[in-house]
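The values are calculated or read from the model by the stated rules, or taken from the named source; none is laboratory data. Not measured: the values here are computed from a predicted model. Ideal geometry is used to build each Cβ from the backbone, glycine not excepted, and the neighbour counts take in all protein chains shown. Surface areas here come from the heavy atoms of the whole protein model, side chains and all, with no ligands, DNA or RNA. Shrake-Rupley method; radii C 1.70, N 1.55, O 1.52, S 1.80 Å.
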Amino acid sequence: MTAPVLQVKDLKTQFFTDDGVVKAVDGVSFDLHPGETLGIVGESGCGKSVTALSILRLVQEPGRITNGQILFKGTDIVTMPDDDVRDIRGKDIAMIFQDPLSSLNPVLKVGYQIEEAMEAHTRISGKVALSRAIQLLKQVRIPAAESRVEDYPHQFSGGMRQRAMIAMGLANKPSILIADEPTTALDVTVQAQILELLRDLNQETKTAIILITHNMGVVAGLCKRVLVMYAGRIVEQGPVEQIFHDPQHPYTWSLLQSIPRLDADRKDRLLSIEGLPPDLIKPPSGCRFHPRCRFRIERCFHDDPSLMDVGPDQAAACWVTMRRALAQDGQARA
Amino acid sequence: MLSRRALIYLGERLVLVAFTAVAVSSIVFLGVHQLPGNAFLSDRRIDPVALQAIMHHYHLDLSLFDQYKLFVSGILRGDLGESLVNRGIPITPLLLREATVSLEVGAAALIFTIGLGMVLGVIAAIKQNSWIDYLATATSVVGYSMPNFVIATVLVLIFAVYLYNWSGGAIYYEIGWNGTYGTLGQISIPAFALGFPYASIVARLTRASMLEVLRQDYIRTAKAKGLSDRIVIIRHALRNALIPVVTILGPLTIGIITGSVVIENVFGIPGLGKEFVQSILSRDYNIVIGVFTFYALAIGLANLLVDFLYTAIDPRIRY
Ligand SMILES: Nc1ncnc2c1ncn2[C@@H]1O[C@H](COP(=O)(O)OP(=O)(O)OP(=O)(O)O)[C@@H](O)[C@H]1O
Ligand code: SF4
Ligand SMILES: [Mg+2]
């Protein structure tokens, strides 16, 4: 197997607020291989975006990376000088965001915002940048790209804006594209188109993709491997198909139980699991999921499980695991 | 560059500005004609026959309605009539020249206001809660709690009086201009006095709007592209932060125009503002009407310019 292009090791990112320290990301580790498609799922507030922003060192005040390493091709981004991080941003690792309208500058032309991504890293003439921007817009299948480069973001539809964002992300042929909920703000049909586009681009350009989403269905549509996050931690990871068929963490299991249908109303598509998401300033003792877990045992209240192998390439942080939980359920019923 | 629709809109707006100026001057015209006395009944006794001739010369012997008709037909040709005090002096060229003097000072004040205000505001926003921020805020508070004539007086005291005494008359600021137009050195202090209160407002507004803009998603996008902080601020933040600042540009211009009446008199600047006060004191009503007309035009044009500035800054706005 090739060496990973990105290795995140025991990453902790915390927000030092007046109410206390928010442990938004609390010891996350994972590898990303060249060309791989990795999904990160979890309900709102579990630390997906903060993980992504940490990778580019874009976490805003009062947030700070307090621990860990983020190795990009072997070099640690966490301790890198600012100028070196800036070199990586947009060139080696690009990022696109949830709301394409607010993520594009309203007073600058779409084409210009794409050209700018190139000019930040390479010396090219305005003419070359423009023709490359047109080419990129064509690549993300925006019709009439030649005239559309001159448009402002408000003249684009939601789906086209997200395509333009993707074009911007691909401008420097990055080795990693991080897409933070790229489809959440879009209509269902447009969602499917954007996912298809990302899938094709991954095939064509061999860019590795980290796809962040609430939606297990979206992960299944694009990713080979998935990380399930809960309260700032990875609680389960493994190949998508395996996790879909055989989830071992009760949280993953409930996510899959509540898997939203693509044709449902947008609000219903967001995950809903009984109980409140945990307080990240004072997370629950023991297993962080225990207040909401149907399968908890005595040990879960005070003992914090770490990731354990539960199958080929699959790991889960749970004392019980679904295999045993369901077996017990079966026994109880029998 | 302007589309056909924009040109039509521009035309309509210009007509409206002209109409407003005529309306304003008409009101002033009717107003001053209600005032008792006139420029000829001042201190010296005047021969009744000569008075009669003068009254006739200025059409003051006609009915108010006829006078008004003459006035409006004059103003539509750009003719504001003749000075009542300095007989034979046509008002339009006189005021035009004085307007350019006022424009010189006013433009300097405006550039200074916007420049200083924006720089202070941007620095205060970027270095939020640093000493620079506090200094900028403190300066702002001083700036807009002090009326411009107080600032003007203090500046005169410092630069004309104290500096003179301290340097034994070697360096000081001389009040009153000898030429028509001021030199850069002569303009700077009046422009400062005129613009400083507004610079404070611009600074506070820029700071607030900059802080708002810096939290926007597109700023994060710009950073994620690998752009330097400087480019992110200048190219992505500033232009957006300017949109609310442009909003106050209209009132600000009006403030500078009205403020110039005081400042020109304090500093002895031969502009429209000084003429305004003098013409009132000498009851040169034709000039009073003329000055009002000029001010109405200036304010109308300034507002029009601001509206077009909007479209230049924000592509979402189209007329
Ligand atoms: N600027 C901030 N100040 C304080 N806390 C923050 C800040 N930004 C994020 N957090 C905290 O970090 C935690 C993780 O946030 P994050 O944005 O990563 O969640 P997410 O998984 O992306 O959720 P969503 O699906 O809603 O986007 C949240 O609980 C939030 O309270
Ligand atoms: S460790 Fe216990 S509480 Fe946590 S998920 Fe597993 S069973 Fe539930
Ligand atoms: Mg998020």
Keeping to the range B:206-228, report how many residues are surrounded by fewer than 18 Cβ atoms within 10 Å (Cβ to Cβ) and assigned to a helix (DSSP H, G or I).
4
Which residue out of A:142, A:134 is β-branched (Val, Ile, Thr) and modelled with pLDDT of 95 or more?
A:134
Among the residues listed as B:246, B:261, B:266, B:277, the single one being open to solvent by less than 10 Å² (accessible area, probe 1.4 Å) and within 21 Å of the chain's Cα centre (by Cα)
B:246
Reported set for the range A:42-56 where residues are assigned to a helix (DSSP H, G or I) and either near ligand 1 (Cβ under 7 Å from one of its atoms) or open to solvent by less than 10 Å² (accessible area, probe 1.4 Å) (or both) is A:48, A:49, A:50, A:51, A:52, A:54, A:55
Is it true that residue A:228 is within 16 Å of ligand 3 (Cβ to nearest atom) and assigned to a strand (DSSP E or B)?
yes
Taking the options B:126, B:114, name whichever one is open to solvent by 60 Å² or more (accessible area, probe 1.4 Å) and touching a residue at least 24 places away in the same chain (Cβ under 8 Å).
B:126
Select from the range A:211-225 the residues that are at pLDDT 90 or above and within 10 Å of ligand 1 (Cβ to nearest atom) and list them in ascending order.
A:212, A:213
Just checking, which of B:17, B:85 is at pLDDT 90 or above and either closer than 30 Å to residue B:309 by Cα or open to solvent by 60 Å² or more (accessible area, probe 1.4 Å) (or both)?
B:17
Filtering the range A:286-298 for residues that are open to solvent by 70 Å² or more (accessible area, probe 1.4 Å) and either more than 7 Å from ligand 2 (Cβ to nearest atom) or at pLDDT 95 or above (or both) leaves a count of 3
Which one is most open to solvent (accessible area, probe 1.4 Å) among residues in the range A:57-74 that are away from ligand 1 (no atom under 16 Å from the Cβ) and at pLDDT 95 or above?
A:69
Among the numbered criteria (1) farther than 30 Å from residue A:60 by Cα; (2) within 14 Å of another protein chain (Cβ to nearest Cβ); (3) in contact (Cβ under 8 Å) with a residue 24 or more places away in the chain, which single criterion is violated by residue B:243?
(1)
Out of the helices (runs of 4 or more DSSP H) lying entirely within the range B:229-319, which hold 1 or more residues that are under 19 Å from residue B:20 (Cα atoms) and of a type in the set (Gly, Ala, Ser)?
B:249-267, B:285-313
So which helices (runs of 4 or more DSSP H) stay within the range B:79-183 end to end and still have 1 or more residues that are among the small types (Gly, Ala, Ser)?
B:91-126, B:131-145, B:148-155
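Are any residues in the range A:171-183 more than 16 Å from ligand 1 (Cβ to nearest atom) and either basic (Lys, Arg) or open to solvent by less than 10 Å² (accessible area, probe 1.4 Å) (or both), and if so, which ones?
Here is the first cut: in the range A:171-183, the residues more than 16 Å from ligand 1 (Cβ to nearest atom) are A:171-177.
Scanning the range A:171-183 gives A:171, A:173, A:174, A:176, A:177.
What do you reckon, is residue B:302 closer than 25 Å to residue B:14 by Cβ and either away from chain A (no Cβ under 14 Å) or buried (at least 22 other Cβ atoms within 10 Å of the Cβ) (or both)?
For residue B:302, the condition - closer than 25 Å to residue B:14 by Cβ and either away from chain A (no Cβ under 14 Å) or buried (at least 22 other Cβ atoms within 10 Å of the Cβ) (or both) - is met.
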Could you tell me which numbered condition residue A:124 fails, if it satisfies all but one of (1) open to solvent by 20 Å² or more (accessible area, probe 1.4 Å); (2) within 9 Å of chain B (Cβ to nearest Cβ); (3) not in a helix (DSSP H, G or I)?
(2)
Check the range A:87-96 and report whether any residue there is within 7 Å of another protein chain (Cβ to nearest Cβ), open to solvent by less than 70 Å² (accessible area, probe 1.4 Å), assigned to a helix (DSSP H, G or I) and in contact (Cβ under 8 Å) with a residue 12 or more places away in the chain.
no
